[in-house]
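Inspection log for the structure reproduced underneath, given as structure tokens.
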Amino acid sequence: MSTKVLLISPYSMKYYGGVQNQLSLIKKFASSQELDIKILSPDSNDFDVGETFKFRFNGSVAPIKLFPRRKIVKKALLWADVIHIHEPFIPVFFWRIPINKKTILSHHADLSPMLQYAQKMLLYNEKQSSAVTAVSNVARKSISSKIAVGIIPNAISVLKYEYKNNGNTKFLFIGRDEKRKNFDLYKEYAETKINKNSIFQAIVNRDKFSKNIITHVNPDNEQKHQILLESDIYLAVNSRGESFGITLIEAISYGCVVVCSDIPAFTELLGNTGIYFKNKSLESLSETIDILLKSNIEDIHRKQLVHINRYSIEKVMECWISLYFKI
């Protein structure tokens, strides 16, 4: 008989996001592992708690449901053997999910100092859970130091494309219209390369005019994959508020070399394989890329590709499956 695991998230499954992507991957991969996985969230195909609204949270705007349908929540909780709550600050604070079964709490966000304090005060029953995890040491900061926390990173399906450059250097930016994604720095750098052998593209959720950047607004998955395959260098210029960096791993997987700001989440993610520039510094960004273009880029990418294997869905799911059966 399979173990029933209920994944809980306040975020709508209709929109792309880091948490939603992880839930979909876990459900897809675990289906053949003697686990029955269902998702309780807004717009879930399993247990749909209702429509969302855009909620400004921690420097971003998230589609969440604050007050879900109680009958649906009760039905889902009764079905489950194991409850796995993702981003517990939101569902526990607003939904009051009872921890009366085997429960795992997984923290994803790099919370602001004010929200860190609020979370530590409000998640009073976190100690009663069976296990607490975080996607990184950056996300772990938001949890009380008195609680044992396991680090289980986010995962992707690693595609292992090799780096290929066919002439012009193609740069790529991916990010929502949020200040912390730092599109302005990307735009500044692109404007220093006008009339040179560089092509700049950006995948965004809202059109952002720049005479030297080709913008792709909300491309579908097939279009996004093609843009990634055609790119050479992915610039992760994010300035703050990141706890992991799934797009960095994704870009490397598609054959891009990643250059990123030296914020803690990115240095933890890529370790000594990362190519870093000083956060928010156009001068440092320019110098770093100039050095990179004179280096053996194929070798740098090969090292980054080997490094990200630790984030493959196969390896990460070993951790989740072990935890589901152990608690």
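The values are calculated or read from the model by the stated rules, or taken from the named source; none is laboratory data. Fair warning: this is a prediction, and the values are worked out from it, not measured in the lab. Methodologically, a virtual Cβ is constructed for each residue, glycine included, from the backbone with ideal geometry; neighbour enumeration extends over all protein chains shown.
Computed values, structure above
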quantity: One residue from L185, L228 being of a type in the set (A, V, I, L, M, F, W, C) and under 20 Å from the mean Cα position of the chain (by Cα); calculated: L228
quantity: Any hit, region 239-249, residues being charged (D, E, K, R) and touching a Lys or Arg at 6+ places or on another chain (Cβ under 7 Å); calculated: yes
quantity: Matching option when the condition is modelled with pLDDT of 90 or more and of a type outside the set (F, W, Y), among A131, A118; calculated: A131
quantity: Residue that is nearest to the chain's Cα centre (by Cα), among those in region 23-46 that are crowded, with 17+ Cβ neighbours inside 10 Å and among the small types (G, A, S); calculated: S41
quantity: Sole exception among (1) modelled with pLDDT under 80; (2) surrounded by fewer than 16 Cβ atoms within 10 Å (Cβ to Cβ) for L78, by number; calculated: (1)
quantity: Residue count, region 287-312 (criterion: among the small types (G, A, S) and over 26 Å from the mean Cα position of the chain (by Cα)); calculated: 1
quantity: Any hit, region 238-255, residues being over 18 Å from the mean Cα position of the chain (by Cα) and assigned by TED's automatic domain parsing to the domain that holds R176; calculated: yes
quantity: Total residues in region 181-212, condition under 26 Å from G241 (Cβ atoms), out of contact with any Gly (no Cβ under 9 Å at 6 or more places or on another chain), among the hydrophobic types (A, V, I, L, M, F, W, C) and free of Cβ contacts under 8 Å to residues at least 40 places away in the same chain; calculated: 3
